[in-house]
1. Can you pull out every residue in region 69-89 that is open to solvent by 20 Å² or more (accessible area, probe 1.4 Å) and under 16 Å from VAL113 (Cβ atoms)?
2. Given (1) among the aliphatic types (A, V, I, L, M); (2) assigned to a strand (DSSP E or B); (3) open to solvent by less than 40 Å² (accessible area, probe 1.4 Å); (4) within 25 Å of ILE520 (Cβ to Cβ), identify the lone condition not met by ILE501.
3. Go through ALA468, ALA480 for me and flag whichever is touching a helix residue (DSSP H, G or I) at 6+ places or on another chain (Cβ under 7 Å), small (Gly, Ala, Ser) and either closer than 20 Å to VAL510 by Cα or open to solvent by 30 Å² or more (accessible area, probe 1.4 Å) (or both).
4. Considering (1) under 16 Å from GLN519 (Cα atoms); (2) not in a strand (DSSP E or B), say which one THR440 fails and leave the rest.
5. Could you grab the pairs with beta carbons closer than 6 Å, sequence gap of 6+ or different chains, first residue in region 127-150 and without any contact (Cβ under 8 Å) to a residue 24 or more places away in the chain, second one buried (at least 19 other Cβ atoms within 10 Å of the Cβ)?
6. Quick one: count up the residues across region 504-524 that are open to solvent by 60 Å² or more (accessible area, probe 1.4 Å), of a type in the set (S, T, N, Q) and assigned to a helix (DSSP H, G or I).
7. Select from region 389-432 the residues that are closer than 24 Å to LYS500 by Cα, hydroxyl-bearing (Ser, Thr, Tyr) and either touching a residue at least 40 places away in the same chain (Cβ under 8 Å) or assigned to a loop (DSSP other than H, G, I, E, B) (or both) and list them in ascending order.
8. Quick check: anything in region 422-431 surrounded by 16 or more Cβ atoms within 10 Å (Cβ to Cβ), over 30 Å from THR316 (Cβ atoms) and over 39 Å from the mean Cα position of the chain (by Cα)?
Amino acid sequence: MPNSIKPFVLLSNFLTLIALVLWLCAPVSAQETPVETDEAEATELNDFMAPVIIDGEILFQLRGSSALPASERAEGVQQKIIEVAEASDAATVNITYDETELGIWILVDGVNVSIVTDADSDLDQMELSVLSILHGNAIKESIEAYRANRTEKARVSGAIEAIGWTIGFALFVVAILWLHRRIKRRTLRSVRRYLKDVETATAETVQAEAMAALIRYGLNFVLLAIFFFGFYYYLSFILLAFAETRYFAQLLLTYLTEPVLQIVKGIISYVPNLIMLALITWVTFYIIRGLRVFFDTVEAGTFDLGDFEKHWINPTFNITRVVVILIALVFAVPYIPGSDSAAFQGLTILVGAMLSLGANSVVSNMLAGLFVIYRRSTSIGDRIQIGDHIGDVVQIKLMETHLKSIKNELISIPNAQLMNSDVVNFSKKTDGNGLLLHTTVGIGYEEQPEKVEAMLVEAANRTKGIKAKPEPFVLWTALADYAINYQINGYTTRGSIIPKIKSDLHRNIVAVFNENNVQIMTPSYMADPQEPKIPTDEWDGHLSHESHEEAEK
């Protein structure tokens with residue numbers, strides 16, 4: 001193969017691949033084929049027939065046989081026509097016919113070029129004599145055109161045409177570059193002007209530079225596509241200007257134009273389906289808007305839905321919206337291009353299998369999230385304990401629940417864990433008394449139990465947050481080796497500040513016991529001291545710094 005032809009072959013192969021991809025992406029109606037039997041017959045017929053092509057123009061079809069395939073027969077006729085055309089520069093061609101037992105020979109300037117057989121006559125369903133005359137006229141016109149296209153005048157005209165197309169393409173490239181530079185300069189300026197208020201409202205979360213970069217990328221991609229099509233057709237028209245390359249030009253035009261036309265025809269044929277899809281989208285959009293208005297009125301209190309809680313409104317709206325969208329998709333799928341194809345069905349099955357195999361934990365968390373939202377055991381603002389975590393519920397999502405701990409830490413707990421764990425809710429009221437807060441102290445056997453109980457009740461009464469009614473009470477939890485374990489119990493309705501209440505209760509217990517010279521047992525007991533281990537002097541409010549100053553010296 002000549003080196004000058006190799007680039008065109010490579011380019012044609014590349015464009016064939018592009019055409020194949022475009023054909024696969026085209027709508028189903030553009031890819032529909034006749035009945036399988038007709039397709040099989042057409043394939044069998046194509047195996048026994050081939051076109052005779054001169055300078056990219058198809059002259060006629062020839063029938064082949066097992067001994068002489070149609071492609072070899074057509075190629076032989078093409079070579080003979082070209083040999084006769086190049087053998088002379090005459091403007092006229094002499095066509096004669098010679099009838100033989102095999103068929104009618106077509107002679108050009110006395111040279112046998114082609115023979116028309118009964119099989120060719122049956123193929124075209126035409127009488128042998130008439131078909132031979134038609135073949136002869138086609139050969140004559142092709143030779144005359146072949147010689148005319150290779151004259152000096154034709155080559156000069158082709159060169160002028162190529163120069164014209166080149167100048168036009170150069171102007172096209174200049175316009176593309178000018179648009180590219182203009183897009184680069186104007187995009188950021190325009191985006192900043194229109195997104196200035198958005199940047200301020202979102203505290204620069206939406207940045208104009210990022211939006212401008214995305215818009216520039218999209219516009220540059222469109223320019224690149226336009227440049228590709230422009231270069232493709234420029235190359236095709238340049239090749240059309242010369243007879244030697246006209247065949248490759250027609251291949252290029254065929255590989256790109258036909259798929260594009262098929263796609264355009266497919267889109268036009270799908271206009272009714274697109275109208276139906278637009279109608280389904282419009283109805284779905286307005287149904288969702290109506291649901292939003294309804295739930296807003298419920299949140300505002302216009303509609304009373306009984307025991308329907310306010311924190312259920314947004315999750316219920318989101319679930320209803322998803323259901324409406326799924327129903328709309330069921331109605332819309334039959335109108336989507338390619339929905340009835342095997343590829344679409346296979347892709348749907350693949351996606352379903354991937355979701356079923358890889359989304360078990362996701363689905364379990366989502367279902368658990370729905371149970372958490374609607375079972376009323378936990379609400380936003382409640383203080384709860386899950387395992388070792390204690391905090392206030394700040395957000396209940398479909399997948400996880402967020403807690404703010406008493407140390408102001410944000411804790412994310414998967415809803416599946418929330419469903420499978422014991423949850424202690426300090427904010428929900430089981431009755432009118434509230435939560436029962438308690439703590440235990442160990443006091444020696446030598447102290448009067450009635451006095452100890454009275455001191456513990458007094459400490460509870462001094463503690464803010466512990467209710468006076470019902471009154472605090474004391475339980476004996478254990479008779480230890482060296483002490484009686486007394487448990488003071490008091491009711492509180494402030495579950496969110498239990499750590500602070502318990503801390504104040506401990507402080508008040510120590511203060512009351514110190515005031516009454518009663519010692520709280522230490523963890524390790526050896527013997528009774530001569531005097532109770534309680535502080536006798538009040539703190540003057542100052543700390544000693546002597547040890548620190550000596551360490552510095």
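1. Of everything in region 69-89, those that are open to solvent by 20 Å² or more (accessible area, probe 1.4 Å) and under 16 Å from VAL113 (Cβ atoms) turn out to be GLU72, ARG73, GLU75, GLY76, GLN78, GLN79, LYS80, ILE82, GLU83, GLU86, ALA87, SER88.
2. It fails just one condition, (2).
3. Step by step, each of ALA468, ALA480 is checked, and only ALA468 is touching a helix residue (DSSP H, G or I) at 6+ places or on another chain (Cβ under 7 Å), small (Gly, Ala, Ser) and either closer than 20 Å to VAL510 by Cα or open to solvent by 30 Å² or more (accessible area, probe 1.4 Å) (or both).
4. Every condition holds for THR440 apart from (2).
5. Note: pairs meeting the criteria are LEU131/VAL116; LEU131/SER121.
6. Residues in region 504-524 being open to solvent by 60 Å² or more (accessible area, probe 1.4 Å), of a type in the set (S, T, N, Q) and assigned to a helix (DSSP H, G or I): 0 in total.
7. The answer is SER427, THR430.
8. no
The values are calculated or read from the model by the stated rules, or taken from the named source; none is laboratory data. Everything numeric here is computed off the predicted structure, so don't read it as measured data. When we count neighbours, we look across all protein chains shown, and the Cβ atoms used for this are built from the backbone with ideal geometry, even at glycine. Note: areas computed on protein heavy atoms with side chains; ligands, DNA, RNA excluded. Shrake-Rupley method; radii C 1.70, N 1.55, O 1.52, S 1.80 Å.
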